[in-house]
């Protein structure tokens, strides 16, 4: 999937990533309770996700199945942000995020070290 997912589409995807396959009716009910969407809004967003290849519609009951993982979307968004605002430089991106930090917890520092080691 090459197309960007918009915030409304990510709302639907979050439910599928967290809970697995759900019917459109269940998604519509949840999103109505969460953010006040009506059924048609939810169905329109699901249709856009199907057209983008992010969701597969299965029968019966318009069962929605995520075709892309949250990690894939996170990766795409990170690369897009890096390209758009940091001239494609991972170090500039990380520096911008860490620049405002007063201190990182030791476990975060360890995770960052592991990531750098894997890149060597």
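Using just the C-alpha positions of region 39-79 as equal point scatterers, what log10 of I(q)/I(0) does the Debye formula give at each q in 0.18, 0.20, 0.31, 0.32 1/Å? Results for region 39-79 at q = 0.18, 0.20, 0.31, 0.32 Å⁻¹ read -0.56, -0.66, -1.04, -1.06.
Across every direction, the projection of the convex hull enclosing the Cα atoms of region 70-119 has a mean area of 4.1 nm². Using the reciprocal of the averaged 1/r over all distinct C-alpha pairs, how large is the Kirkwood radius of the chain in Å? With all distinct Cα pairs of the chain included, I get 16.6 Å. A crude spin-label estimate for the pair residue 34 and residue 19, with each label 7 Å from Cα along the Cβ direction, gives 0.9 nm. Taking the longest Cα principal axis of the chain as reference, the axis of helix 24-35 is set at about 60 degrees. Take the alpha carbon gyration tensor of region 7-66, find the square roots of its eigenvalues, order them as a ≥ b ≥ c, and report rounded if a/c is under 1.5; if not, report prolate when a/b exceeds b/c, else oblate. Rounded is the answer for region 7-66, as its axis ratio a/c remains below 1.5. With angles folded into 0 to 90 degrees, how steeply does helix 39-52 sit against the dominant principal axis of the chain? Use alpha carbons for both and round to 10. The angle comes out at about 60 degrees. Within region 7-27, which residues have the backbone N less than 16 Å from the label spot 7 Å out from residue 61 along Cα→beta-carbon, could you tell me? So the set is 16, 19-27.
Each residue in 21, 87, 7 was given a count of other beta-carbon atoms within 10 angstrom of its own, and listing them fewest first yields 7, 87, 21.
Tell me, what is the percent relative contact order of the chain, built from C-alpha pairs under 8 Å that lie six or more residues apart? Provide the component values of the computation, followed by the final result.
On the way: 89 pairs, mean separation 25.7, N = 120.
This gives 21 percent for the chain.
Could you tell me how many degrees, from 0 to 90 and to the nearest 10, lie between the Cα long axis of helix 70-85 and the main elongation axis, the longest principal axis, of the Cα atoms of the chain? That works out to roughly 60 degrees.
Rule-based calculations on the coordinates, nothing more; no lab input. This structure is a prediction, so every number in the text was calculated from the model and none was measured. All Cβ positions, glycine included, derive from the backbone under ideal geometry; neighbour counts span all protein chains shown.
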